[in-house]
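To start, the structure under review is shown below, and the notes come after it.
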Amino acid sequence: MFRYFEGLIDPYAAYPQSDTPPRKLWPFLREYIRPFHKVFAITAVLSTIMASMDLVLIWYIGRMVDFLASDGPAQVWAARGMEIVGVGLAILLIRPLFAGLNTALLHNAILPNFGTLIRWRAHRHVLAQPVGWFESDFAGRIANRVMQTPPAAGDAVFQTFDAVAFSSVMFVGAGFLLADADPRLIIPLLVWFVLYMVLVRWTLLRAGPAAKASSDARSAVTGRVVDAYTNIHSVKMFTHHDGELAYAKEAIEEARRTFAHEMRVITTMDVVLTILNGGLIVAVTGYVLWLWYHGQASVGVVAATTALVLRLNNMTYWIMWATTSLVQALGVVAEGMETIAQPIGLVDKPGAEALKLDKGRIELVGLSHHYGRGRGGLQDVSLTIAPGEKVGLVGRSGAGKSTLVKLMLRFYDAEAGQILIDGQDIAGVTQASLRGHIGMVQQDSSLLHRSVRENIMYGRPDATEEEMLEAARHAEAHAFILDLEDPEGRQGYDAHVGERGVKLSGGQRQRIGLARVILKNAPILILDEATSALDSEVEAAIQDTLYGVMEGKTVIAIAHRLSTIAAMDRIVVLEDGMVAEIGNHAALLAQGGLYAKFWARQSGGFLGTEEDME
């Protein structure tokens, strides 16, 4: 039975994707609600039936009191026995049936799937954002919003059906029951209802912004805490324990302050509501007693009316809390939208085709990029790299080496100029096909918190086990991998490497990163300080492997250790974002320019500082 309701909605079903989702709350939620339209409609009908049944029971209590008071037990049973049994059976059989259906739809069909659908689509959207988008925010805060928005949206749906729909029927039904007893009983109910709605409006106007501010503050706490945990080595190394506590305390205190403000609104609402409900109970019950005293109302009417206002009294607290929870949940959703509803900043052009790589010729034409700051990055760089050519890229920090690589991978769109691969502008091809033809080994090989096998296979998921093992051997990683064991007892290639590969040494991480790229076997290869974390002995062993891997590929190698690129076909020297020199190792040394000074001043093969140059 549970599986039936749980399977009514497929949260992973295909849907029309948009790079620019709605930025307003209701249009945003409407896109997620669309698959649930039929289920929501049935749930609303069942909520209405359940509320109506409660009203009918209150009405029947009054009726039962009247005929119990008017006749003896034998007469009541003779005249009303079958009626009482019928009502009892309805309470035992029909009411649980409708309640079960309503609960199953809400708890088993809607809540699990609605939250899952939002989380899946939100993660899919966020994952499509460009690298620069992630570099501008805390990973912890992004993840927090992806995780907290779905349950908040689910809570909003739950409160809508469990409280708003139910209460609407109760209020309308209460008016009819009171009017049936005496139309004048509607007057205190209407006065109370108007004041109640004023209180609801006052609460919503304050609770919504207060809930959003509180949610923002909690996200800030998450961001700071995760930042400290992610960089725990730096925290410990520089003994910034107290500083990090103070930094977190500032955000935690702001979260406490905003939450306290939110609770002030709730407390005020609760006190005022208690006063309003007291007035309703006294007015309606007192008036119906006055009618009974003057013979204008039966004992059953008094019982039913009293039960009704007491039911309303209890229900109004629930409704107010539910309404406040609804607004708070919508506030959390609105806060989450600031992240998960942002337009994707870098997309494939309409009709973009896959990159057709034939030879691997790379052309940079008037390439400029300053990250929107007007300075730094690259300025009017033009360069042609022939198919199969190996080019070294050197320059001081900030010269533009990393910017060039990021533009080649299209992590950013160039502000001016073009990058052509085999004559195709990379801005006009699909990003996936572009990056699929490029392999890159980074200075800091960040690994996924998964097994060694999964990390290497990330380069080519359809590779065989033997191909994966061969790549690890080429990267001089096989031997140490076999000795690995994680805290869960998993060994060798099944051992998990920890977040960002923290359980491995820098050299081990880099060799696994190398194995991943070797397995990918892409025709264009980018090496960004590919051997910087390796000791000399391992580096020497891997250099031969790298040269083998580079065979037949177009290669761009970034290095501060100049000895690692001295054998390249050409070396490009960048200075202040522009090409300062270009040539092979011998020609550049003979030229006596920047490269020659770098070579002469390097210590242990590293570039000297600007002060050394002077």
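Values in this text are rule-based calculations from the coordinates and carry no lab data. Computed from a predicted model, the values in this text were never measured in an experiment. We place every Cβ from the backbone using ideal geometry, glycine too, and count neighbours over all the protein chains shown.
At what distance in angstrom do the alpha carbon centres of the range 73-92 and the range 288-350 lie from each other?
Distance between centres, Cα-based: 35 Å.
Could you tell me the distance between the Cα centroids of the range 574-600 and the range 1-62, to the nearest Å?
Centre-to-centre distance over Cα atoms comes out at 68 Å.
Please identify the chymotrypsin sites (Phe, Trp or Tyr not before Pro) of the range 9-48 that satisfy two criteria: DSSP loop assignment and at most 15 other Cβ atoms within 10 Å. Which are they?
Tyr12
Any idea how far apart Leu68 and Val365 come out in nm if each label point goes 7 Å out from Cα toward Cβ?
9.2 nm
Whole angstrom only: what separates the Cα centroid of the range 123-143 from the Cα centroid of the range 449-465?
Going from one Cα centre to the other spans 24 Å.
If I model a spin label at Arg257 and Ala479 as a point 7 Å from the Cα along the Cα→Cβ vector, what separation in nanometres do I get?
Each label point lies 7 Å from its Cα, and together they span 5.9 nm.
Using only DSSP helix segments of four residues or longer, with each worth -39500 (n - 2.57), what per-residue ellipticity at 222 nm results for the chain after dividing by its residue count and rounding to 500? Could you put the intermediate results ahead of the total?
Working: 23 runs with 364 residues, N = 614.
So the calculated ellipticity at 222 nm is -19500 deg cm²/dmol.
Compute the long axis of helix 186-230 from its Cα atoms, compare it with the longest principal axis of the Cα atoms of the chain, and write down the angle in degrees, 0 to 90, nearest 10.
Relative to the chain, helix 186-230 is tipped by roughly 20 degrees.
Using a 7 Å offset from the Cα along the Cα-to-Cβ direction at both Ala587 and Arg450, what is the distance between the two label points in nm, to one decimal?
Here the modelled spin labels are 4.4 nm apart.
Could you tell me how many degrees, from 0 to 90 and to the nearest 10, lie between the Cα long axis of helix 299-340 and the main elongation axis, the longest principal axis, of the Cα atoms of the chain?
10 degrees
Are there any trypsin sites (Lys or Arg not before Pro) in the range 13-78 that are in a DSSP loop and have at most 16 other Cβ atoms within 10 Å? List them by number. All intermediate terms of the calculation are to be shown ahead of the outcome.
Values: sites: Arg23, Lys24, Arg30, Lys38, Arg63; in loops: Arg23, Lys24.
Answer by residue number: Arg23, Lys24.
Treating cross-link reach as a plain straight distance, find the lysines whose alpha-carbon is under 27 Å from the alpha-carbon of Lys356, omitting any fewer than eight places away in the same chain.
Filter leaves Lys390, Lys401, Lys406, Lys520, Lys553.
Run the paramagnetic zone check for Asp358: 7 angstrom along Cα to Cβ, then residues of the range 498-532 with backbone nitrogen under 16 Å.
None, by backbone N distance to the label point.
For Lys236, go through the lysines and keep the ones whose alpha-carbon is under 23 Å away, minus same-chain ones fewer than eight residues off.
Here the lysines satisfying the reach criterion relative to Lys236 are Lys249, Lys503.
Work out the FRET efficiency for Leu57 and Leu205 from their Cβ-Cβ distance, taking R0 = 30 Å, and round it to the nearest 0.05. Spell out each step's value before the answer.
Working: r = 36 Å, r/R0 = 1.19.
Efficiency, from the Cβ-Cβ distance: 0.25.
So between Phe2 and Ile33, what do we pick up on full extension, going 0.36 nm a residue minus the alpha carbon distance? All intermediate terms of the calculation are to be shown ahead of the outcome.
Values: separation 31, 0.36 × 31 = 11.16 nm, distance 2.15 nm.
Taking 0.36 nm per residue and subtracting the Cα distance, the gain is 9.0 nm.
How big is the antiparallel share of DSSP beta bridges in the chain, given as a percent to the nearest 5?
Details: 21 of 39 bridges.
In the chain, approximately 55 percent of DSSP beta bridges are antiparallel ones.
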